[in-house]
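Single-structure report; data block below.
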Amino acid sequence: MGYNISTMYIWRYFNSECECPMCKIKQIVERDLADQYLSEAVMEDAERAKVNKLGFCASHYDLLYAGRNKLGLALQMSTRLNRIIDLTKIIDDDKKAKKLTQKLKDNTETCIICDKIEFHMERYFKTVPALYHDDTKFREQNFNAVKGFCYPHFIRLVENSSKAGKYSKQFLETITQKERDSLTKLKEEIDEFTLAFDYRNKTLPSKESSASLKTCRLKVYGDFPLPPERK
Ligand SMILES: [Zn+2]
Ligand SMILES: [Zn+2]
């Protein structure tokens, strides 16, 4: 297959009833990386240098903050702040202001965990169609068992269809059909939900249609933590 990663999670989630198995895999990758950045391993010089350079995005900072190693996070942020302080030059004219803001944007809109997730996920997106090519059971049972994918992950899998080799036609037909079917079903649930707001309608919406806006969010954007609901 040529992509030296464990296929264990692919086998596990391409059986399940979830809306997108790739989101489940991404969550595991993200959790493992967060654990890594809260462990002793990140105190090694090479890792520290990467954290200093890239830092963490807001959602990954929050994820680390919610973890058990506040000291580890503080030590990493201490050296990261050194770098940002270093970049924050004292200036006194508009031309320099433009240069400074660009430099700060380039150096603060970065995240070491996002980069690493992307690195691992890129390999998963290639491995799924490759496994579809290599393994009859995966092709005929597991891949057929999934409902569909969130839109960002559907796109990534379709982009890698050539990795399914001689089965790429079958891979594309199956995945596009699945995506259309699952979106059509979602649209029906959304429509049923809107009908529940009509006072003439006496029937209660089904469980699926009540959850349809949440499913819509997952399907369009991917499965990651929701902000707390407003009462
Ligand atoms: Zn997904
Ligand atoms: Zn991030």
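No lab work stands behind these numbers, since they all come straight from the coordinates. Fair warning: this is a prediction, and the values are worked out from it, not measured in the lab. Don't worry about glycine lacking a Cβ; one is built from the backbone with ideal geometry, like all the others, and counts go over all protein chains shown.
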Within the range 42-61, restricting to residues that are under 11 Å from residue 108 (Cα atoms) and free of Cβ contacts under 8 Å to residues at least 40 places away in the same chain, the one that is farthest from ligand 2 (Cβ to nearest atom) is 52
Would you mind stating whether residue 139 is part of a helix (DSSP H, G or I), over 30 Å from residue 31 (Cβ atoms) and not aromatic (Phe, Trp, Tyr)?
no
In the range 116-156, residues that are touching a helix residue (DSSP H, G or I) at 6+ places or on another chain (Cβ under 9 Å), aliphatic (A, V, I, L, M) and more than 16 Å from ligand 2 (Cβ to nearest atom) total 4
Being surrounded by 13 or more Cβ atoms within 10 Å (Cβ to Cβ), among the aliphatic types (A, V, I, L, M) and more than 16 Å from ligand 1 (Cβ to nearest atom) narrows 64, 71 down to just 64
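Here are 99, 24, 103: which of them is part of a helix (DSSP H, G or I), in contact (Cβ under 8 Å) with a residue 60 or more places away in the chain and either within 16 Å of ligand 2 (Cβ to nearest atom) or surrounded by 11 or more Cβ atoms within 10 Å (Cβ to Cβ) (or both)? Working first, answer last.
Working: 99 fails: in contact (Cβ under 8 Å) with a residue 60 or more places away in the chain; 103 fails: in contact (Cβ under 8 Å) with a residue 60 or more places away in the chain.
Sole residue among the options that is part of a helix (DSSP H, G or I), in contact (Cβ under 8 Å) with a residue 60 or more places away in the chain and either within 16 Å of ligand 2 (Cβ to nearest atom) or surrounded by 11 or more Cβ atoms within 10 Å (Cβ to Cβ) (or both): 24.
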Checked pairs for the range 147-161, first farther than 13 Å from residue 18 by Cα, second of a type in the set (D, E, K, R) and assigned to a helix (DSSP H, G or I), C-beta under 7 Å and 6 or more apart or across chains, list as 151/219; 154/179; 160/126
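Within the range 75-90, is even one residue within 30 Å of residue 160 (Cα to Cα), part of a helix (DSSP H, G or I), within 16 Å of ligand 2 (Cβ to nearest atom) and out of contact with any Leu (no Cβ under 8 Å at 6 or more places or on another chain)? Outline the logic, then answer.
Step one: list which residues in the range 75-90 are within 30 Å of residue 160 (Cα to Cα), which gives none.
The answer is no, given that none of the residues of the range 75-90 is within 30 Å of residue 160 (Cα to Cα), part of a helix (DSSP H, G or I), within 16 Å of ligand 2 (Cβ to nearest atom) and out of contact with any Leu (no Cβ under 8 Å at 6 or more places or on another chain).
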